[in-house]
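Following: one structure in structure tokens, then a few remarks.
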Amino acid sequence: MAMTDRQQKILSAVVEQYAEVASPVGSSLLAKVFNVSSATIRAEMAELERLGYITQPHTSAGRIPTDKGYRFYVNVLSASNSGILPERRGEKALAARVQQAGVPERMIRNAADTLVELTHNLSIATIGNQLYMSGLSNLFGQPEFINGGQIRQVAQLLDNLEPWLREAAPNEPLSVYIGHENPIGRSAGCSLIICRFSSPFSDRSYIGTLGPTRQSYRDGMTLVARAGQELEEMLYI
């Protein structure tokens with residue numbers, strides 16, 4: 001059964017609101033946003049839950065997106081912008097930090113460090129055969145990662161990220177791996193947004209971010225794509 005236009009908008013609102021407040025989203029809030037009754041929203045949310053796009057954690061009255069819900073949201077976001085997302089806050093600063101860096105290695109490090117500042121996630125970048133990481137404290141400071149078991153899953157993902165990148169070599173200009181889609185650390189509750197770009201070090205270099213599944217995909221996808229674009233342009237000047 002296809003999702004209705006209103007259900008799509010409600011799912012998007014749940015994804016975006018949950019990213020912002022880190023707590024389950026209730027029907028009363030969405031009723032105000034959509035100017036309909038709470039009962040109408042509850043019925044729509046019940047259907048979205050039945051379809052597997054949102055879930056009700058514990059006994060909370062609110063809902064949060066599932067990996068399937070995030071995937072639908074990211075696919076719609078990508079399709080609606082045809083791969084070209086509107087400029088987001090911070091893109092000019094990111095471009096300036098890359099352009100002013102001088103040497104290639106510093107350009108890549110600056111881009112990764114700036115992604116940390118703008119997304120509040122961990123950032124990764126390949127420099128030759130090495131994987132550069134920045135912002136580890138940001139990642140483990142997220143409310144999702146307060147228990148040891150979850151942290152171990154994230155650590156396992158990070159330990160295996162470099163060999164996975166080398167072996168899998170994602171070929172899309174921009175790839176998004178959500179939650180259980182991650183080939184490593186499937187239970188880590190993380191999403192990897194990664195951009196491939198050419199550099200003097202390799203024709204298949206990468207830059208991206210790793211954060212909880214609860215994040216602003218719109219900002220993350222735009223900023224990571226811009227970082228890759230700037231690096232590819234500046235590294236060959």
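The values are calculated or read from the model by the stated rules, or taken from the named source; none is laboratory data. Computed from a prediction, not measured in an experiment: that's the story for all the values here. Ideal geometry is used to build each Cβ from the backbone, glycine not excepted, and the neighbour counts take in all protein chains shown.
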Matching entry among Leu115, Leu157, Leu131 (being surrounded by fewer than 20 Cβ atoms within 10 Å (Cβ to Cβ) and either under 18 Å from Ile194 (Cβ atoms) or touching a Lys or Arg at 6+ places or on another chain (Cβ under 7 Å) (or both)): Leu131
Which condition does Ala39 not pass, out of (1) within 27 Å of Leu11 (Cα to Cα); (2) under 20 Å from the mean Cα position of the chain (by Cα), if it passes all the others? (2)
Residue check: is Ala46 more than 20 Å from Gly211 (Cβ to Cβ) and either part of a helix (DSSP H, G or I) or outside the structural domain of Cys190 (by TED's automatic domain parsing) (or both)? yes
Taking the stretch 142-189 as the search range and keeping residues that are under 18 Å from Asn121 (Cα atoms) and aromatic (Phe, Trp, Tyr), which one is modelled with the highest pLDDT? Tyr177
For the stretch 1-28, enumerate the residues that are surrounded by 16 or more Cβ atoms within 10 Å (Cβ to Cβ), of a type in the set (A, V, I, L, M, F, W, C) and closer than 30 Å to Ile146 by Cα. Ile10, Leu11, Ala13, Val14, Val15, Ala19, Val25
